[in-house]
Structure formats: structure tokens, C-alpha cells
Amino acid sequence: MMKSPDLNMNKRKDISIVVPVFNEAESLPELTAWIDRVVRRENLSCELIFIDDGSSDESWSVIERLKDEYPYIKAVGFMRNYGKSAALYCGFAEASGEIVFTMDADMQDSPDEIPEMRRMILQEGYDMVSGWKKLRHDPVGKRWPSKFFNFTARLVSGIKLHDFNCGLKAYRLKVIKSIEVYGEMHRYIPILAKHAGFKHIGEKVVEHRARKYGSSKFGMERMVKGYLDLITVTFMSHFGRSPMYFFGGTGTLMFLLGGCTTAWVIGSKLYKQANGYPLRGVTDQPLFYIALLAVVLGVMLFLAGFLGELINRGSSDRNKYLIDRKL
């Protein structure tokens, strides 16, 4: 088969497309051909970056064959499955195009959306554009929890997006180089971008296609993880650099409240004793034990903030992934 031209591989690319892959061998040839048609039709220089997230099928072999046909493909293969956030983190590290796109490998995202999303960034001044799967081809059991999840994310973050978890997104290069994606934070990249200072976040209704090959790799447990991650990213956005502000402030408040209450209980007893009023033992009053508990919790929270500051000053190894191969 004739090789595809390399689309100006020696100059800076117009776009980079990062595609996490986990057991999607069947869809990769069709997806790559579709992307190729779009970038050629629009006369865009492109780099297509596949991140094989520890696939157990023939995904890596398919990527190797596609590399021979499409020289602008780049690929990274993990030793094991780390998850979508890890794949995006490494894909962002490899990307160098003026506009960076992310999309899923299952062909439920349409590459035909690329030109308009790119136009919105270049001409309308957005820092990032998130897809909105307004009409979804998913069962009700996935659609309604997703609606509730997105409502909560909008409420907490203040970002007016309908679909935080849509895999199809577009970013200016400086956005993806300024954020750190880890854990399961890929759902909250708009929040991370806003916290980094990129507040021009747009949304585009995109086509959501029914899955053609394979089956979904995500179960209902992602909803539980999603809410835990929402709490994490909200906390990190406000106190990630200075955890002492939260823990230390809350701990100090509880310590003072507990200490003052304890002093009041003891002082009240001494006053009544001095004036011959009926007495009640300090240790017979539940308020005394609640006050002591507040003091202890206050000290623990303060220490947690102090330890958080020490850890925050150290180096972090959370984004070190074992890469097995690379193209």
C-alpha cells in the first residue's frame, strides 16, 4: 500500500490529536483513515498521537502497521493499564501542535468536528472548546447519572458546560502544557484549565455516534470515582498549593472553640462553687467532652495542614508511568 505523505513533518503542526487506546484494535484503522481524510480536506499539518494504555489485544501491532502508512503518527505504549488520565498526561507531553485535540478511539467521537472547533479557538478567542454530546447513543442507565454528575460539576466549578466528560475537546497548546492531569482528573480538565488562568472556555454540540466495535471499558463505578475526584479537584484548586490555609485554619478555629468552651465549663463550676450555687461535676457534662473532642480534632487538623505543607514542598512521583515502547 502506498504510504501517505507526511504532511509537513519538519515544520510545526497545525494540530495534534491525542487518542488514548485500550483494546480498540478493530476501530483504529477506520478512525485513522477518517482523521486523515479530514486533515487533508482542510489542508492541515497534523500529528496523530496514540497512547496505548496497556492493551491486551492487537492494538499496538495495528498502530505499528498504521505508522508505515501514515508517517505523522506518533505512539507511546504503557507497560500496563494506567487509565485515561495517564494516557492524556503522556499524550500532552508529546503534543506540539498549535491546537491540541483529544478524542476517544472507539469512533463515538467524529473527527469531522475538528475544523469548527479549531476555528472557534483561532477566531473566537477560546482557550479550549469542549464537546457536548447533546444527543447521546447510550442507555438510560448511563445518561441520567451523567446528567446529574454534570449538573453537580457545573454547580461546584461555576463553568457552564453541559458535558464535562466528553472525550472530544480542543485546546491551545499552552493550556495543556500548563495543567497536570493525574488520577481520574481527565473529567475535570476544564476546571484545571480555569484554575490555571484560562477562563475562555467554550462548548460545541458534537455528534455522538453509536459504538461500532467492542464494548465500553467503563462501568458505573466511574460515577463514584467521579464525585470523589470532583471533591479532590475542588480542594486542590483552592488549597492545593497551601493546604495549611484549609487544615490549619479549620484546626485553629476548632481548637479555639473547644478551648474556650472547656474554659467556660470549668470557670462556670468555679463561679458556682465560690457563690454556693448547686454544682454539677465537670465530667458529668456532655459539653465538656464535646469541647475536648474539638480541641483534639483542632490539633490533628493543624498537624495535617503542617504535614501537607511539608509534602507539598517535596517532589511528586505521581505522574511516572512505565513506558514499554515508543514510535
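On inspection, ASP104 qualifies as in contact with a strand residue (DSSP E or B) (Cβ under 9 Å, 6 or more places away or on another chain), farther than 22 Å from ASN43 by Cα and either assigned to a loop (DSSP other than H, G, I, E, B) or not hydroxyl-bearing (Ser, Thr, Tyr) (or both).
Taking helices (runs of 4 or more DSSP H) that fall entirely within the range 148-246, which contain at least 3 residues that are among the polar types (S, T, N, Q) and either buried (at least 20 other Cβ atoms within 10 Å of the Cβ) or modelled with pLDDT under 85 (or both)? Break it down into steps so the answer makes sense when it comes.
Values: elements: 173-176, 189-195, 221-239.
So the answer is 221-239.
Taking the condition out of contact with any strand residue (DSSP E or B) (no Cβ under 8 Å at 6 or more places or on another chain) and free of Cβ contacts under 8 Å to residues at least 40 places away in the same chain, does ASN150 pass? It is true that ASN150 is out of contact with any strand residue (DSSP E or B) (no Cβ under 8 Å at 6 or more places or on another chain) and free of Cβ contacts under 8 Å to residues at least 40 places away in the same chain. Which of the residues belonging to the range 104-115 are crowded, with 23+ Cβ neighbours inside 10 Å and at pLDDT 95 or above? Selection gives ILE114 alone.
Listed here are the residues, each with its yes/no results for (1) free of Cβ contacts under 8 Å to residues at least 60 places away in the same chain; (2) assigned to a strand (DSSP E or B); (3) more than 15 Å from VAL206 (Cα to Cα).
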site	(1), (2), (3)
TRP60	no, no, yes
GLY77	no, yes, yes
PRO115	no, no, no
PRO145	no, no, yes
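The condition of being open to solvent by less than 60 Å² (accessible area, probe 1.4 Å) and either in contact with a Lys or Arg (Cβ under 7 Å, 6 or more places away or on another chain) or farther than 14 Å from LYS169 by Cα (or both) holds for only one of VAL76, VAL18, that being VAL76. Candidates ALA93, ALA86: the one that is open to solvent by 50 Å² or more (accessible area, probe 1.4 Å), of a type outside the set (Phe, Trp, Tyr) and either under 18 Å from LYS13 (Cα atoms) or touching a residue at least 60 places away in the same chain (Cβ under 8 Å) (or both) is ALA93. Exactly one residue out of PHE306, PHE302 is in a helix (DSSP H, G or I), within 30 Å of ILE191 (Cα to Cα) and at pLDDT 85 or above: that is PHE302.
For the range 128-144, the condition holds for at least one residue, the condition being that it is modelled with pLDDT under 80 and in contact with a helix residue (DSSP H, G or I) (Cβ under 6 Å, 6 or more places away or on another chain).
Identify, from the list ALA263, ALA274, ALA294, the residue that is surrounded by 13 or more Cβ atoms within 10 Å (Cβ to Cβ) and either modelled with pLDDT of 85 or more or of a type outside the set (Asp, Glu) (or both).
ALA294
The single condition among (1) open to solvent by less than 10 Å² (accessible area, probe 1.4 Å); (2) modelled with pLDDT of 95 or more that ARG118 does not satisfy is (1).
The values are calculated or read from the model by the stated rules, or taken from the named source; none is laboratory data. Values in this document were obtained by computation on a predicted structure and should not be read as measured data. Neighbour counts are summed over all protein chains in view; Cβ atoms, including those assigned to glycine, are modelled from backbone coordinates with ideal geometry. Surface accessibility is based on the protein's heavy atoms, side chains included, excluding ligands, DNA and RNA. Shrake-Rupley method; radii C 1.70, N 1.55, O 1.52, S 1.80 Å.
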